Amino acid sequence: MSHLPRLLKLLNTAARYGLDKVSPQVQPAGIPRLLFALWSLPWRLHPARRLAPEVRLRLALQELGPIYIKFGQLLSTRRDFLPAALADELQSLQDKVPGFSSPTIQQLVEKSLGCAWQDVFSELSTAPLASASVAQVHAARLRNGDDVVVKVIRPGIENTIAEDIKLLKWLAGLIEKHVAQGRRLRPREVVDDYEKIIFDELNLLSEGANATQLRRNFEHSPLLYVPRVYWEHTRSNLLVMERIYGTPVADVDVLRARNVDLKKLAERGVEIFFTQVFSHSFFHADMHPGNIFVALHSPENPQYIAIDCAIIGSLSRSDQQYLARNLLAIFQRDYRKVAELHVECGWVPRDTKVHEFEAAMRSVCEPIFEKPLKDISFGYLLVQLFKTAGRFNMEVQPSLVLLQKTLLNVEGLGRQLYPELDLWTTALPFLEDWNRRRMQPGTLFKALKENVPDWIEQLPLLPQLMIDNLSQSRELKEINLTLQARLQEESERRKSSATSRFRAGMVLLAGSAITLLPALQPTISTLPGATILLACGGVYLLCFNR
């Protein structure tokens, strides 16, 4: 029960800020509502209860720590689901979380670099430029005159995250054990994946490597710019990067005032997402507005700037291809293909009735087509698709959870920039082009060329592999025959045993019946339980002792 202290803190924080009253949609019902009301009694007169509901939620998430702050960041992008006041309040969680002042930034830098901060920097601001859930950023200038930012991890944050992960694992175990759909949701695998991601985020060397790879992927691209990492000054708890000067993507009024083409900007955001997922299989998985800026040097051809590459997602080649083909089939309204692909890639069981799955997907997808983004919710669509696939025993794919989260962020970003953006129309040409390039002779030849060295290397081993395979086949055949023989013996033994018990049971029942004959009553009058015992023994042998 090592998670108990964290669970108590969670309950006390929720009670202190009155989170059960934040929104009618999230109020508990029945027994949980009664229990939470009793738990909340000591906090009824707390000053925090007099704050606005959206402020209470934001303060509670801040107090609980990084995992809950990230949840608030995701919610803040969903203005289609949330009231405007709540979305605006949660948006401050993206880069305006209260910072820390002890130890000082100078002390942290000197401890990490092992030298006086003045040896590396000519300037180092004590006030944070931005502060988020896991780290905060300070403006600085290197001795060579380059403007940079210095990112440092919040002191002691590892312990808070470890406690939250323990709590999440306990809750995941309860869901798997007690919720009907628990095993299909695979909550333990999801939590394990998230644990790896969040602890990777605490290693700034990993973030620097991610940023360098993403920068390389979009080098000389007009779509996206990623700032340079200064590796000579970067450590596991200290990241020094080029300082960028752009407008936050959420400042739509400023972008509009600078005559930025918002339609093109929104379309380029979708193109960047699909390029990362299907061309690079390496995508920025924390694309909330606090991490995205816009360069204003060319308003008619706006370019994105991405920072904070701590969370990166990737797909295996097979998942990448199946996902692209599934999306392409959905865009083309080919629901038969969608159903066949789900079965083919193993996302639903092999015995799934394709025609039934096809009909279910059609009923979910058809209503969303030919509508502008402002009129539909892709978040709602994801939920409905998930529920539909769940009826056919589709298991959650943990590798796709980050992708789903990123798609939600992209949708929220598109809504803020250009509500009339049609994501389907924007994405379809990209997927069709991807599919054409995948089947071009040049692409096939490139794949063949990549595999030829491995095939040549394995060619001398081929005879031995064939011999080993034949030997294993013989061994498997012998094992199979042995198992069948043992199963046959066991079946015959059980049959024989069942026959013997049946006969014994009949004998005992017959004996119990004989004891009821009047001629024998005087003889067994001294054994009043004989009839009952014989009858019980017979019934047991006949009905229960299988």
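The values are calculated or read from the model by the stated rules, or taken from the named source; none is laboratory data. What you see is a predicted model, and the numbers here were worked out from it, not measured in a lab. Methodologically, a virtual Cβ is constructed for each residue, glycine included, from the backbone with ideal geometry; neighbour enumeration extends over all protein chains shown.
Kindly indicate whether residue 320 is assigned to a helix (DSSP H, G or I) and modelled with pLDDT under 85. When the stated conditions are applied, residue 320 passes them. Residues in region 408-419 that are at pLDDT 80 or above and farther than 15 Å from residue 252 by Cα: 410 only. Can you confirm whether residue 250 is surrounded by 17 or more Cβ atoms within 10 Å (Cβ to Cβ), in a loop (DSSP other than H, G, I, E, B) and touching a residue at least 40 places away in the same chain (Cβ under 8 Å)? Taking the combined requirement at face value, the residue satisfies it. Screening residue 287 on (1) surrounded by fewer than 22 Cβ atoms within 10 Å (Cβ to Cβ); (2) out of contact with any Pro (no Cβ under 8 Å at 6 or more places or on another chain); (3) among the aliphatic types (A, V, I, L, M) shows it passes everything except condition (1).
Starting from residues that are at pLDDT below 75 and under 26 Å from the mean Cα position of the chain (by Cα), keep the ones in region 340-374 and report whichever is farthest from residue 412 (Cα to Cα).
That would be 368.
Close contacts from region 323-344, counting a first residue that is closer than 16 Å to residue 403 by Cβ and not assigned by TED's automatic domain parsing to the domain that holds residue 427 and a second that is among the aliphatic types (A, V, I, L, M) and modelled with pLDDT of 85 or more, with Cβ to Cβ under 9 Å and a gap of 6+ residues or different chains, come to none at all.
Looking at this structure, is residue 38 modelled with pLDDT of 85 or more, surrounded by fewer than 14 Cβ atoms within 10 Å (Cβ to Cβ) and not in a loop (DSSP other than H, G, I, E, B)? So residue 38 does not fit the description; no.
The number of residues in region 133-174 being of a type in the set (A, V, I, L, M), surrounded by 16 or more Cβ atoms within 10 Å (Cβ to Cβ) and part of a helix (DSSP H, G or I) comes to 6.
Residue 393 meets the conditions (1) farther than 28 Å from residue 294 by Cα; (2) at pLDDT 75 or above; (3) in a helix (DSSP H, G or I) in every case but one. The failed one is (3).
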